[in-house]
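Working notes, structure below.
The values are calculated or read from the model by the stated rules, or taken from the named source; none is laboratory data. Since the structure is predicted, the reported quantities are computational estimates derived from the model, not experimental observations. Note that each Cβ is placed from the backbone with ideal geometry, even for glycine, and that neighbours are counted across all protein chains shown.
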Amino acid sequence: MYAKIYEKIEEFDTIVIARHIGVDPDALCSQLALRDAIKLTFPQKKVLAIGSGSTKFSSIGKLDKLESISHALLIITDTPDKKRVDSVDFSQFDYSIKIDHHPHVETFCDLELIEDSACSVCEIIMKILLATNLNCNKEIAEKLFMGVASDSNRFLFNSCTSETFNLVAHFIKEYNLDISKLYQILYLRPLNEVRLEGYILTNLIVTKNNFAYINITDDLLKKYNVDSAAAGNMINNFNNINEIIVWATLTEDIKNKQIRVSIRSRGPDIKNLAEKYHGGGHNLAAGVKLKSFEESKKLLEDLDLLVKEYNSTKEKKYDNKKC
């Protein structure tokens, strides 16, 4: 499959790389790293990485504006379904490729590489670079490391395997990466974001079943001068609270007229429930987009029930062991 992707990259002189709406570091780093690797290997090609950016991740790299194109290849990274692709008109392209690590949701590209055992798309891009003639340099390796580190929450998630660590070790050694510098790019934050996080922790609603959630309104975003993407990405900062098993942030996105729901779990499988509400993701990390906070009430009830059932199952297993 890697060879087929390389052949298509060789075939087209114009290549556009896109990813999902609501940018995160793995999505951004995978498209920028792949763009730069193709340009490094084929300097004569026009290669564009497109989509809506976020001030939170501006230090990672710059996106491109979509120019007038013809006879072009489209590559989509980190996106399991067509409706979540950011800023793309599929009719403009002659051929499309998907590179993703989410469980399969739908087929919408001509060629699809799905490795749902990978912790991130950047991990898959690492393997593509090593398996093909695509070139790499230190700047590309840095982006790939940041994508892997971010989507694995600094290698804390069990989606990290020995292969993940071997790949990362190779790129660190080969390109002499300064990990401390890269972590600062990913995690150094302005004071206003930290203050919003403090507000979230203070006002988080926690149910008796150990489910937690908070509504982050547009007024709140304006008060703390934080954009919706940055607020939504704070979800990963609440992984280690003992009293919380599943948690969600519901962030108002006025620009796109939606509520972006980010959900995380330390046990219950949340992917199927997210799909019920036309979202998706992974077993322990998923997302949903709704039209209003009012619409979220049923989702929150279902998430609370999911945690209740999970707790009940754990208690039964414990009682059986005692017997």
All but one of (1) surrounded by fewer than 19 Cβ atoms within 10 Å (Cβ to Cβ); (2) under 29 Å from E309 (Cα atoms); (3) touching a helix residue (DSSP H, G or I) at 6+ places or on another chain (Cβ under 9 Å); (4) at pLDDT 95 or above hold for T202; state the number of the condition that does not hold.
(3)
Residue pairs meeting the criteria (Cβ under 6 Å; at least 6 apart or on separate chains; first outside the structural domain of F155 (by TED's automatic domain parsing) and small (G, A, S), in region 230-241; second at pLDDT below 85 and part of a helix (DSSP H, G or I))
A230/K56
Could you tell me whether E174 is assigned by TED's automatic domain parsing to the domain that holds S292 and within 29 Å of C122 (Cα to Cα)?
no
Looking across region 32-65 at residues that are in contact with a strand residue (DSSP E or B) (Cβ under 6 Å, 6 or more places away or on another chain) and aliphatic (A, V, I, L, M), the single one that is surrounded by the most Cβ atoms within 10 Å (Cβ to Cβ) is L34
Residue among D78, D110, D89 that is under 28 Å from Y277 (Cα atoms), surrounded by 19 or more Cβ atoms within 10 Å (Cβ to Cβ) and of a type in the set (D, E)
D78
Write out, first by first residue and then by second, each pair whose Cβ atoms fall under 6 Å of each other, whose residues are 6+ apart or on separate chains, and whose first residue, in region 77-96, is in contact (Cβ under 8 Å) with a residue 40 or more places away in the chain and farther than 23 Å from E7 by Cα while the second is β-branched (V, I, T) and outside any loop (DSSP other than H, G, I, E, B).
V85/I76
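May I ask you to say which residue of T77, T107 is in contact with an Asp or Glu (Cβ under 9 Å, 6 or more places away or on another chain), among the β-branched types (V, I, T) and over 22 Å from K255 (Cβ atoms)? Steps first, please.
Values: T107 fails: in contact with an Asp or Glu (Cβ under 9 Å, 6 or more places away or on another chain).
Answer to the selection: T77.
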